[in-house]
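Enquirer: Here it is, the structure in full.
The values are calculated or read from the model by the stated rules, or taken from the named source; none is laboratory data. None of the values given here were measured: they were computed from a predicted structure. We place every Cβ from the backbone using ideal geometry, glycine too, and count neighbours over all the protein chains shown.
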Amino acid sequence: MLKTTITGSLPKPSWLAQPEKLWAPWASDDPAQLQEAKHDAVRLAILDQEQAGIDIVTDGEQSRQHFVHGILEKIEGIDFEKKTRIGIRDDRYDADCPTVVSALKRSGSIHGDEVKFARAQTDRDLKFTMPGPMTIVDTLADEYYGDRPKMAMAFAEILNEEAKELVAAGVDALQFDEPAFNVYLDAVPTWGVEALNRAVDGLDCTTAVHICYGYGIEANLQWKATLGDVWDQYAAILPALAGSDIEQVSLEFAGSRVPMEVIKLLDGKKDVLVGAIDVTTLTAESPEEVAAVIRNAMEYTSPERIFPCTNCGMVPLPREVSQGKLRALGAGAALVRAEL
């Protein structure tokens, strides 16, 4: 009960990539040195989680420069040399995005070796994260499909193929990251959920979707400042997710203006990964602060349904800050678990 986990990413050590930076370039361009550095970083990321009392660990996304492009780089039909500057997340950011130029195809395993390595480093449950179909579509320019739902379903097929291999390699939980769900609210109940259901079809593991308000970077902070006193995006999409095939929904609560009672919109049908760690601050929470968030969540769903978690990825944070937040998450959950 109250098993802890994180949303996915942890800061990269300086000998792997430039710290505290999204899209950070690798520290080495030598393939053998880079692989060794990635493996060492994964070992440390898992050890940090275990020592902090995290029950369901990830690889910290140490082997990927970016949570979306880490998978796209190995999918045929995407031209990474042909960058198109577009607005993503409803124009919250402008980014030079790769372009889809032909039919999408997965020609072989993408993350299989990463999962096998991570699986060998721990006896704890292992979670692996991949971007969800809607978020992928929103992070690419399109010169082939001409239809976002159609392209999302093509990616969902690929994600499902990959996911089945990762489960066979030892993954206990697969999480699809969908920050775009908090932006394109009208599309979530239609093709957003449809594509997500296709991505998890037939998976023999725990399935989750992560929906947050983003990293603690300036563009996200500016966007949050426009959302008013109550952030009500979840209220618009959680009823649709309550009827989806997903088993767990990861939501942001710590330091946010999301009313905790939105959990009730899941109608007791889903586990809730309760974001109890604010990734926008440079100070670690106290265990009691984490415990307070968990206790608040227990007013709206049973403790058996609650998995204390981080709000979002911690890759842009200093490593010592993220380690302190991990320890607070583990200790805060332990406080409430002891009370129960």
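Enquirer: Please work out if Leu104 is in contact with an Asp or Glu (Cβ under 6 Å, 6 or more places away or on another chain), modelled with pLDDT of 95 or more and not in a helix (DSSP H, G or I).
Expert: no
Enquirer: Applying the selection to region 22-78, what residues are more than 29 Å from Val100 (Cα to Cα) and charged (D, E, K, R)?
Expert: Glu36, Asp40, Arg43, Asp48, Glu50, Asp55
Enquirer: Hey, Glu61 hits all of (1) under 26 Å from Gln248 (Cβ atoms); (2) surrounded by fewer than 20 Cβ atoms within 10 Å (Cβ to Cβ); (3) in contact with a Phe, Trp or Tyr (Cβ under 7 Å, 6 or more places away or on another chain) but one; which does it fall short on?
Expert: (2)
Enquirer: Residue check: is Leu140 within 26 Å of Arg198 (Cβ to Cβ) and in contact with a Pro (Cβ under 9 Å, 6 or more places away or on another chain)?
Expert: Yes.
Enquirer: Does at least one position in region 272-280 carry a residue that is assigned to a strand (DSSP E or B), of a type outside the set (Gly, Ala, Ser) and in contact with a Pro (Cβ under 6 Å, 6 or more places away or on another chain)?
Expert: yes
Enquirer: Here are some conditions: (1) of a type in the set (Asp, Glu); (2) under 19 Å from Pro318 (Cβ atoms); (3) buried (at least 24 other Cβ atoms within 10 Å of the Cβ). Asp48 meets all but one. Which one does it not meet?
Expert: Of everything listed in (1) of a type in the set (Asp, Glu); (2) under 19 Å from Pro318 (Cβ atoms); (3) buried (at least 24 other Cβ atoms within 10 Å of the Cβ), Asp48 misses just condition (3).
Enquirer: Then there's this: Mind checking which residues of region 1-16 are part of a loop (DSSP other than H, G, I, E, B), crowded, with 16+ Cβ neighbours inside 10 Å and of a type outside the set (A, V, I, L, M)?
Expert: Lys3, Thr4, Thr7, Gly8, Ser9, Pro11, Lys12, Pro13
Enquirer: Sticking with this structure for a sec: I'd like the full set of residues that are closer than 16 Å to Leu251 by Cβ and either in a loop (DSSP other than H, G, I, E, B) or at pLDDT below 95 (or both), limited to region 303-328.
Expert: Asn311, Cys312, Gly313
Enquirer: How many of the residues making up region 77-88 are surrounded by 13 or more Cβ atoms within 10 Å (Cβ to Cβ) and modelled with pLDDT of 85 or more?
Expert: Counting residues in region 77-88 that are surrounded by 13 or more Cβ atoms within 10 Å (Cβ to Cβ) and modelled with pLDDT of 85 or more gives 4.
Enquirer: Taking region 34-54, which residues are part of a helix (DSSP H, G or I) and hydrophobic (A, V, I, L, M, F, W, C)?
Expert: Correct list: Leu34, Ala37, Ala41, Val42, Leu44, Ala45, Ile46, Leu47.
Enquirer: I'd like the full set of residues that are in contact with a strand residue (DSSP E or B) (Cβ under 9 Å, 6 or more places away or on another chain) and either closer than 18 Å to Ala276 by Cβ or of a type in the set (A, V, I, L, M, F, W, C) (or both), limited to region 240-254.
Expert: Once the filter is applied, which keeps residues that are in contact with a strand residue (DSSP E or B) (Cβ under 9 Å, 6 or more places away or on another chain) and either closer than 18 Å to Ala276 by Cβ or of a type in the set (A, V, I, L, M, F, W, C) (or both), region 240-254 yields Leu241, Ala242, Ile246, Gln248, Val249, Ser250, Leu251, Glu252, Phe253, Ala254.
Enquirer: Ok, one more. Of everything in region 89-101 that's in contact with a strand residue (DSSP E or B) (Cβ under 9 Å, 6 or more places away or on another chain) and exposed (fewer than 12 other Cβ atoms within 10 Å of the Cβ), which residue is modelled with the highest pLDDT?
Expert: So, considering only residues that are in contact with a strand residue (DSSP E or B) (Cβ under 9 Å, 6 or more places away or on another chain) and exposed (fewer than 12 other Cβ atoms within 10 Å of the Cβ), the one modelled with the highest pLDDT is Asp96.
Enquirer: If you check every pair at least six apart or on different chains, which have Cβ atoms under 8 Å apart with a residue in region 99-126 that is in contact (Cβ under 8 Å) with a residue 12 or more places away in the chain and of a type in the set (D, E, K, R) first and a residue that is assigned to a strand (DSSP E or B) and surrounded by fewer than 16 Cβ atoms within 10 Å (Cβ to Cβ) second?
Expert: Close Cβ pairs (under 8 Å, with a partner that is assigned to a strand (DSSP E or B) and surrounded by fewer than 16 Cβ atoms within 10 Å (Cβ to Cβ)) amount to Lys105/Glu76; Arg106/Glu76.
Enquirer: With a cut-off of at least 2 residues that are buried (at least 22 other Cβ atoms within 10 Å of the Cβ) and out of contact with any Phe, Trp or Tyr (no Cβ under 9 Å at 6 or more places or on another chain), name the strands (runs of 3 or more DSSP E) lying wholly within region 118-232.
Expert: Those strands (runs of 3 or more DSSP E) span 125-131.
Enquirer: Pairs only if they're at least six apart or on different chains, beta carbon under 8 angstrom, first in region 17-33 and on the phi < 0 side of the Ramachandran plot and part of a loop (DSSP other than H, G, I, E, B), second surrounded by 13 or more Cβ atoms within 10 Å (Cβ to Cβ) and of a type in the set (Gly, Ala, Ser); list them, first residue then second.
Expert: Gln18/Ala24; Gln18/Ala27; Ala24/Ala17; Pro25/Ala17; Ala27/Ala17; Ala27/Ala37; Ser28/Ala37
Table: residues versus (1) within 17 Å of Thr58 (Cα to Cα); (2) at pLDDT below 95; (3) touching a strand residue (DSSP E or B) at 6+ places or on another chain (Cβ under 9 Å).
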residue	(1), (2), (3)
Gly112	yes, no, no
Thr139	no, yes, yes
Pro149	no, no, no
Glu157	no, no, yes
Ala168	yes, no, no
Gln175	yes, no, yes
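Enquirer: For region 239-261, which residues satisfy the criterion of being crowded, with 22+ Cβ neighbours inside 10 Å and aliphatic (A, V, I, L, M)?
Expert: Passing the criteria: Leu241, Ile246, Val249, Leu251, Ala254, Val258.
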